Amino acid sequence: MESVLLDAAGRRRSPATMPDYHGGRPPRNKGLRYPADPPSVEEIVAVMRVAGDGAAGARLRALIILLWRAGLRISEALALAESDLDAARGAILVRRGKGGKRREVGMVRWAWERLRPWLGIRVGLPVGALLCVIHGPTCGRPWSAAAARDQLRRVAASAGVRRRFAPHQLRHAHAVEMAREGVPPVVIQRQLGHANLGITSVYLQGIDNAEIIDTVHARPAPVIPASAGLRVPR
């Protein structure tokens, strides 16, 4: 006779909800390496527009802002508390980054304005994680990374984005945009929480060849002092 799993309320429970359901099975993406392919600003804004006007849409836009304009890892964004935001200074406190390291990151004024709709909704929910569950008995608890990735993927498809649109791609976009703006690599490294510049350089591979060629092609001609007396044969 087949045993039936029941939850606390006596309802039938799927075996897939058990912690060891996929035990011993390697993930489908094991061993796969994705190239640095950050989405464009137009694609990111398109996804934000399609997210919707409700609480779920505001929450997704807040997540995108934290990943794209502050360069956070998704684990760091989902672990934020409301008290970790300091809008007056434009700073966000990451209490436990990769390797358990604590750091502060900056975020531009434009991004803080885009966070306000979700912050207004968040005030009416139970105290807890900044990006939290909105409905049901777990309301106020941290939003799961799996649910966040799923909503981001679905909304990106609805927006017509024809490329992989994952949380880490938004972090890549943050690094590439700062490099284009002339931000020193060491500042980008500290913002992203990297242990060394070698890791940061991987993120900057998202700068395409056309941009490299145009930048180098536009370099000024070499200049020497008139007193140098250098004769250049014709």
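For segment 115-144, what are the residues that are surrounded by fewer than 17 Cβ atoms within 10 Å (Cβ to Cβ) and closer than 30 Å to Val183 by Cα?
Matches in segment 115-144: Arg116, Pro117, Leu119.
Are any of the residues in segment 173-183 at pLDDT 75 or above, touching a Lys or Arg at 6+ places or on another chain (Cβ under 7 Å), surrounded by 12 or more Cβ atoms within 10 Å (Cβ to Cβ) and not charged (D, E, K, R)?
yes
Check Glu76 against each of (1) charged (D, E, K, R); (2) at pLDDT 90 or above; (3) exposed (fewer than 15 other Cβ atoms within 10 Å of the Cβ) and name the one condition it does not meet.
Status for Glu76: all satisfied but (3).
So which residues in segment 5-64 are touching a Gly at 6+ places or on another chain (Cβ under 8 Å), modelled with pLDDT of 70 or more and either in a loop (DSSP other than H, G, I, E, B) or loosely packed, with under 11 Cβ neighbours inside 10 Å (or both)?
Asp37, Pro38, Ala51
Select from segment 47-94 the residues that are of a type in the set (Val, Ile, Thr) and farther than 15 Å from Gly120 by Cβ and list them in ascending order.
If the condition is that a residue be of a type in the set (Val, Ile, Thr) and farther than 15 Å from Gly120 by Cβ, then Val47, Val50, Ile64, Ile74, Ile92, Val94 are the ones that fit.
Of the numbered conditions (1) surrounded by 15 or more Cβ atoms within 10 Å (Cβ to Cβ); (2) under 18 Å from Glu177 (Cβ atoms); (3) modelled with pLDDT under 95, Arg103 satisfies every one except a single condition; which is it?
(2)
For segment 198-221, which residues satisfy the criterion of being surrounded by 12 or more Cβ atoms within 10 Å (Cβ to Cβ), at pLDDT 65 or above and either farther than 30 Å from Ala146 by Cβ or of a type in the set (Ser, Thr, Tyr) (or both)?
Result: Thr200, Ser201, Tyr203.
Report the residue count in segment 140-176 for those that are of a type in the set (S, T, N, Q) and assigned to a loop (DSSP other than H, G, I, E, B).
Qualifying residue count, segment 140-176: 1.
The values are calculated or read from the model by the stated rules, or taken from the named source; none is laboratory data. Note that this is a predicted model, so its numbers are computed, not measured. Positions of Cβ are generated from backbone atoms using ideal geometry, with glycine treated the same way; all protein chains shown enter the neighbour counts.
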